[in-house]
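Here's the structure, in structure tokens; my notes come after.
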There are 2 protein chains.
Amino acid sequence: MPAWTLPQPMQRALELAKASAAAGEVPVGAVVTRHGEVIAEAHNAPRETHDPTAHAEILAIRRAAEALGDERLTDCELWVTLEPCAMCAGAIVHARIAKLYYAASDPKGGAVEHGARVFEQKQCLHRPEVYSGMGEARAAEMLREFFRERR
Amino acid sequence: MPAWTLPQPMQRALELAKASAAAGEVPVGAVVTRHGEVIAEAHNAPRETHDPTAHAEILAIRRAAEALGDERLTDCELWVTLEPCAMCAGAIVHARIAKLYYAASDPKGGAVEHGARVFEQKQCLHRPEVYSGMGEARAAEMLREFFRERR
């Protein structure tokens, strides 16, 4: 699927994932939008920042909340190149993100359609609408390449 | 159980939870220790900081990793007054926390012995040793009082 058929925020998330790999970080990028406008973006950065919580989603959510001056991102969408882990899925719930778009699924670390399945828990206080698969091939290939080079 | 029988880090976490309530935040406190020394501490702060990820555990983990200059807190223990949620349990995994001590269990939001049960997932890459119950009565009473006053 050619990249230009992707919604712009997912294209941007893929560019951020590429920048992540160039910085020596696992290639994952994330963008927060609101009413069609980009509010915040980030790539993975735990190594550079010595912060185990610095996944692309967490950084983008924190920046968006700071930009809006509100811990709730009620009208916002999160676009990310990889299925969120339990930490990031939990943050999506706390932030009340309305819609989650992710590219590649992650059987090893994902917690949306795998493992902890955070949004499917009865106790889950907020469930975003979830759309996956857009940009999957490119996102997954970047990850494979990254780990191949490091083996 | 009188407070002075509690290990010092859990006493400190309870003090932090009290400070959290005084600041208008849900009363949860967290302390990271290493070789018996306090490395970092925090109380809940999402409202004050407009940061939905600013749970006591996340803040304490981020501060500890910054203090040690390492995204892995391999030799560290986390002491927290409430059972961690999915976000915080995920962060504990990423940080490779060795031992987790929590006071009160949280049937509504906890993800250690409830809901997502993050550490019990097959895909979970790291499982801390988990100890719960120390300081439970005080931690739970602080939470009840906080929500009672706000109803």
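The values are calculated or read from the model by the stated rules, or taken from the named source; none is laboratory data. Source: prediction; values computed, not measured. Ideal geometry is used to build each Cβ from the backbone, glycine not excepted, and the neighbour counts take in all protein chains shown. For the accessible areas, the whole protein counts, side chains as well, though only heavy atoms, and no ligand, DNA or RNA atoms are used. Shrake-Rupley method; radii C 1.70, N 1.55, O 1.52, S 1.80 Å.
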Options A:ARG62, A:ARG72: the member that is surrounded by fewer than 22 Cβ atoms within 10 Å (Cβ to Cβ) and of a type in the set (D, E, K, R): A:ARG72
Residue pairs meeting the criteria (Cβ under 8 Å; at least 6 apart or on separate chains; first of a type in the set (Asp, Glu), in region B:28-44; second open to solvent by 10 Å² or more (accessible area, probe 1.4 Å) and outside any loop (DSSP other than H, G, I, E, B)): B:GLU41/B:ARG12; B:GLU41/B:LEU16; B:GLU41/B:ARG63
Given (1) under 25 Å from A:PHE119 (Cα atoms); (2) assigned to a helix (DSSP H, G or I), number of the condition A:ALA19 does not satisfy: (1)
Unique match (being open to solvent by 10 Å² or more (accessible area, probe 1.4 Å) and either free of Cβ contacts under 8 Å to residues at least 12 places away in the same chain or under 17 Å from A:GLY110 (Cβ atoms) (or both)) among A:ALA13, A:ALA54, A:ALA22: A:ALA22
Flag for A:PHE146 being in contact (Cβ under 8 Å) with a residue 40 or more places away in the chain and either in a helix (DSSP H, G or I) or in contact with a Lys or Arg (Cβ under 8 Å, 6 or more places away or on another chain) (or both): yes
One residue from B:GLY115, B:GLY133, B:GLY109 being surrounded by 18 or more Cβ atoms within 10 Å (Cβ to Cβ), farther than 21 Å from B:ARG72 by Cα and under 16 Å from the mean Cα position of the chain (by Cα): B:GLY109
Criterion: touching an Asp or Glu at 6+ places or on another chain (Cβ under 7 Å), open to solvent by less than 60 Å² (accessible area, probe 1.4 Å) and over 20 Å from A:ALA137 (Cβ atoms) - qualifying residue of A:ALA30, A:ALA98: A:ALA98
